[in-house]
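A short worksheet on the structure shown next.
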Ligand code: GDP
Ligand code: GDP
């Protein structure tokens with residue numbers, strides 16, 4: 001889990017250029033591991049050893065050139081609610097605009113750290129022009145050039161200094177987050193889980209300010225429901241925009257062990273649902289997909305479920321080893337099964353395979369189909385083990401790790417999944433030099 005930094009500002013000031021600069025350095029490495037498509041507006045970065053999640057709010061606005069001011073205001077308000085720190089980016093080329101002043105007004109009232117970043121300061125002359133931004137009443141500012149990278153170090157130094165330390169919390173109970181687009185039925189589902197008689201045992205204040213894990217005992221299972229500020233205050237924002245679903249989901253996902261991804265059966269597993277899925281996957285959280293409102297689907301032959309399942313699996317390739325359940329919160333159909341499955345995924349995610357057993361299983365498989373020769377070199381995998389990490393990661397030790405290509409790693413992952421139960425759990429496979 002990591003702190004959340006949001007970049008706000010009007011269109012064209014350079015938010016996404018800056019975002020990409022910070023994310024790419026790191027994603028290049030991550031991509032090599034998983035090979036999964038990336039959301040272009042949400043990613044992880046780190047500076048001086050401190051990891052944080054970065055959100056480019058502007059990235060979620062379509063046709064951002066003629067965006068309404070109102071929309072920006074709403075985004076800023078949401079960023080203020082959900083983020084631990086805010087970068088407010090302005091553009092030295094254009095100077096202060098009316099929209100900048102509006103955003104400043106909102107930000108001046110905030111008691112979260114706000115960093116005014118004057119972008120496009122590509123040379124010393126422009127540094128002098130930047131002085132006008134004192135007029136925004138936000139105090140000191142940082143000058144940077146997202147294009148050539150200058151200045152970003154000072155800004156990042158200042159940011160990581162104020163970010164809270166949010167370690168991976170240790171909890172004996174599964175922490176479930178209910179995520180999905182607006183109107184998927186999340187609140188109804190949570191209410192169904194909680195029941196008329198609230199089975200609350202205790203409230204445990206989370207390690208960060210505004211997240212609370214509430215402990216429940218329901219259907220014979222004990223679990224914590226990650227109740228974020230976002231979920232509790234949901235009435236405020238009803239818009240069906242990707243930005244809101246993502247922003248609301250980020251914190252809940254980061255605090256959870258398993259995400260219950262709810263979708264509306266009548267709307268399907270669309271791109272926005274997919275984005276939330278990858279958010280959870282990238283955070284290495286367990287995932288259960290719940291196709292809700294199944295009561296509204298009229299033609300319910302066996303094939304309907306099969307077709308629906310196949311469609312979802314196509315969208316989530318290559319990580320298809322995920323439970324998909326068809327539920328109705330309204331009729332309470334398979335609600336119990338949903339929780340039971342989430343508990344199973346939680347257990348799968350915590351499995352530690354003994355090294356001996358792992359080698360006994362995997363080495364014969366590797367011997368049977370070794371990594372193909374690459375550039376005339378033969379790779380010999382000698383030993384493998386599960387790493388002692390909070391979620392499943394596996395290292396395969398060999399003479400030439402750099403010569404093992406992505407398809408072979410995928411093959412190892414598939415074999416691993418065939419032989420051990422990691423249903424619903426993202427796993428990582430690394431090649432290491434030995
Ligand atoms: P966003 O709408 O705020 O995300 O802005 P973009 O990142 O898309 O950038 C808008 C334009 O400004 C693009 O043409 C960028 O190439 C340009 N730009 C971004 N950062 C800089 C910078 O540091 N210097 C200069 N000169 N141009 C920049
Ligand atoms: P949220 O925005 O994801 O929290 O969604 P809500 O829980 O507010 O639900 C949105 C709407 O869908 C409400 O009108 C619910 O009554 C309705 N709804 C939720 N679950 C079901 C279901 O299983 N079947 C049907 N038919 N409607 C549902």
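All of the numbers you see were taken from the coordinates with simple rules; none came from a lab. Just so it is clear, the model here is predicted, and its values are computed rather than measured. Note that each Cβ is placed from the backbone with ideal geometry, even for glycine, and that neighbours are counted across all protein chains shown.
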- Neighbour-count ranking for 262, 330 (other C-beta within 10 angstrom, fewest to most) reads 330, 262
- The rounded separation in angstrom of the Cα centers of segment 378-434 and segment 268-342 is 27
- Looking at the square roots a ≥ b ≥ c of the eigenvalues of the Cα gyration tensor of segment 330-434, which shape do they give, rounded for a/c under 1.5, prolate if a/b is larger than b/c, or oblate? prolate
- Query: From the square roots a ≥ b ≥ c of the eigenvalues of the alpha-carbon gyration tensor of segment 285-349, which class results: rounded (a/c under 1.5), prolate (a/b over b/c), or oblate?
  - Reply: oblate
- Query: Counting DSSP beta bridges in segment 300-434, what percent are antiparallel, to the nearest 5?
  - Reply: 55
- Query: Which whole-number percentage describes the relative contact order of segment 84-196, with Cα contacts under 8 Å and a sequence gap of 6 or more?
  - Reply: 23
- Any chance you could list P(r) for segment 103-172, counting all Cα-Cα pairs in 5 angstrom bins from zero, rounded to whole %? 3, 14, 21, 20, 17, 10, 6, 4, 3, 1, 1, 0
- Query: Taking other Cβ within 10 Å of each residue's Cβ, how do 150, 256, 53, 104 sort, fewest first?
  - Reply: 150, 104, 53, 256
- Query: Please state the relative contact order of segment 280-434 as a whole percent: Cα pairs under 8 Å, 6+ residues apart?
  - Reply: 26
- Task: Sort 356, 417 so the one with the fewest other Cβ atoms within 10 Å of its own Cβ comes first.
- Result: 356, 417
